[in-house]
Amino acid sequence: MSSNYDLTGRTALVTGAGSPTGIGFATGRLLSEMGAAVILTSTTDRINDRVKELRATGAEAVGIVGDLTDPATAPALVESALDHWGRLDVAIQNAGMTSISKPQEAGAIEEMTFEAW
């Protein structure tokens, strides 16, 4: 990979990274391959499996279970990055419209209420 894409010494946060085949985990994996330490989040503890996968490649990774509809979650994620690595350089907001922890919340955006959104 080009040195223009070297993220060594940087920290990245990726939300919505619980699925082993999803965009969030693929993004976290790529960022770690580029040298970044990564924090992966998901609404369920399956995020711990994704972290194990990254750590098996030598990546620095932390997983956090969190519900981003809770206003306290986002600041806690930033605080976790600061606690672990003293910085947060990249934030990928990938949390999706379908939640395996709350499947009733899935649906077309034009049919959702503001509260559901």
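All of the numbers you see were taken from the coordinates with simple rules; none came from a lab. The shown structure was predicted, so the numbers you read here are calculated from the model rather than taken from an experiment. Backbone-built Cβ (ideal geometry, glycine too); neighbour counts: all protein chains shown.
Overview of results
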| quantity | calculated |
| --- | --- |
| Rg to Rh quotient for segment 3-111, alpha carbon positions, Kirkwood Rh | 0.98 |
| Net charge, N94 excluded, C-beta distance under 14 Å - Lys, Arg +1, Asp, Glu -1 | +2 |
| Amide H within-cut-off set for A91, under 5 Å, with H built and near neighbours excluded | L13 |
| Segment 46-52 - phi-based ³J(HN,Hα) in whole Hz, Karplus 6.51/-1.76/1.60, Gly and Pro as x | 5, 4, 5, 5, 5, 4, 4 |
| Likely footprinting exposure, S42, S80, fewest C-beta neighbours within 10 Å first | S80, S42 |
| Long-range HN-HN contacts of E60 with modeled amide H, under 5 Å | V38 |
| By average C-beta atoms within 10 angstrom, highest first, the peptides 52-64, 18-30 | 18-30, 52-64 |
| Calculated from backbone phi, Karplus (6.51, -1.76, 1.60) coupling profile of segment 79-90 in Hz, x at Gly/Pro | 4, 5, 4, 5, 5, 7, 10, x, 6, 9, 9, 10 |
| Rounded to whole Hz, the Karplus (6.51, -1.76, 1.60) HN-Hα couplings of segment 13-20, x for glycine and proline | 10, 10, 8, x, 10, x, 6, x |
